[in-house]
Amino acid sequence: MNRIKAFGAFWYDFVIGDDWHVAALIVAGLGLTAILTHVAGVNAWWLLPLVAFAALGWSLLRATSPRK
Amino acid sequence: MNALPLILTVFVACVVEAIEALTIVLAAGITREWKSTFQGMAVALVVLAAITAVVGPAIAYLPLTPLRLVIGALLAIFGLQWLRKAVLRATGYKALHDEASAYLREVTAAETAATESRRGVSDWYAFTLAFKGVLLEGLEVVFIVITFGANQKNIGAAVIGAAAAIVVITVTGIAVRAPLTKVPENWMKFAVGIMLTSFGTFWGAEGAGVAWPGNDAALLVLVPVVALVSAGYVFWLRSRKAAVGAPARQSEVVSS
């Protein structure tokens, strides 16, 4: 059981890293891009870069703000 | 698309990982025993080659659109991790990755460990230290080679970039026989983070169905924009830190 946990922890750290919010925002951004493109017919090429910049900024802000 | 950006990106990313693996291999070889260290390194390289040989061609058979969606997402997440660490290090919120102190840590641990012979290997500690170091750092190389190579339908070019990096660092390591402390690792990581984030965003959005203005030429705009925004974050955090007077938090663990 411990080995399975360690294996899972390794891959979580490898893919997701220090801040899971970044990964969640990228996945949400991709989902929204797909909806806008396929359902609303909007060629939303600009959305994912904006989400990536916002995710990085938010993650940096969280990492550098004093803990309450 | 021209294979040169692909080869260069993989080359720089692999140089960073190879330097970290070299530090561990040197610590094992110099402190313990070279034969067992080389055995551990060789077994790890065989495992990594097997993963690339199996997963690389298998991925090439998958349909391109879902492949780009998944790989784009993974690359963007991976790239943003690298950028986040590089920005925090560039602004002093996180300690710089120091090959000299990493080497010292490994040497201290290696000097105190007992010598044990196992499965035909005379020094099991040196073997496992070299094996784990090369395998873990190499996994990131394999990930980058496979994702970039599969998306560009050019695994060969990605392998050339990775192999060139490994040869350059190995030859330099043999010549210097010390950890490569003078390499500007953080700035290289910064550059790789920019490339991974840009390519990941580009392919991910393509996989989600968008058509980029100018097709592949959009990358020529996207890469500098990601670099500018990242530089902007460095400037912003430095100004903020200067205004506050001291780093807000130094608690993040130093890792690769």
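The values are calculated or read from the model by the stated rules, or taken from the named source; none is laboratory data. Worth saying up front: this structure is predicted, and the values here are computed from it rather than measured. All Cβ positions, even for glycine, are placed from backbone atoms using ideal geometry, and neighbour counts span all protein chains on display.
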Original post:
Within region B:229-247, restricting attention to residues that are more than 10 Å from chain A (Cβ to nearest Cβ) and part of a helix (DSSP H, G or I), which residue is nearest to A:A63 (Cα to Cα)?
Top reply: B:R238
Original post:
In region A:15-60, how many are at the interface with chain B (Cβ under 7 Å from one of its Cβ atoms), without any contact (Cβ under 8 Å) to a residue 40 or more places away in the chain and either assigned to a helix (DSSP H, G or I) or farther than 20 Å from B:R84 by Cα (or both)?
Top reply: 21
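In region B:113-171, which residues are of a type in the set (G, A, S) and within 14 Å of another protein chain (Cβ to nearest Cβ)?
Answer for region B:113-171, where residues must be of a type in the set (G, A, S) and within 14 Å of another protein chain (Cβ to nearest Cβ): just B:G138.
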**OP:** Would you check which residues across region B:123-148 are under 15 Å from B:E20 (Cβ atoms) and of a type in the set (D, E) and list them?
**Re:** B:E137, B:E140
**OP:** Provide a single number: the residues in region B:12-64 that are part of a helix (DSSP H, G or I) and of a type in the set (F, W, Y).
**Re:** 2
Original post:
Do any residues in region B:200-215 that are more than 7 Å from chain A (Cβ to nearest Cβ) and within 22 Å of B:V145 (Cβ to Cβ) have Cβ atoms under 7 Å from those of residues that are modelled with pLDDT of 90 or more and part of a loop (DSSP other than H, G, I, E, B), where the two are at least six apart or on different chains, and which pairs are they?
Top reply: B:F202/B:W212; B:E206/B:W212
**OP:** Just need a number here: residues in region A:10-26 that are among the acidic types (D, E) and loosely packed, with under 14 Cβ neighbours inside 10 Å.
**Re:** 1
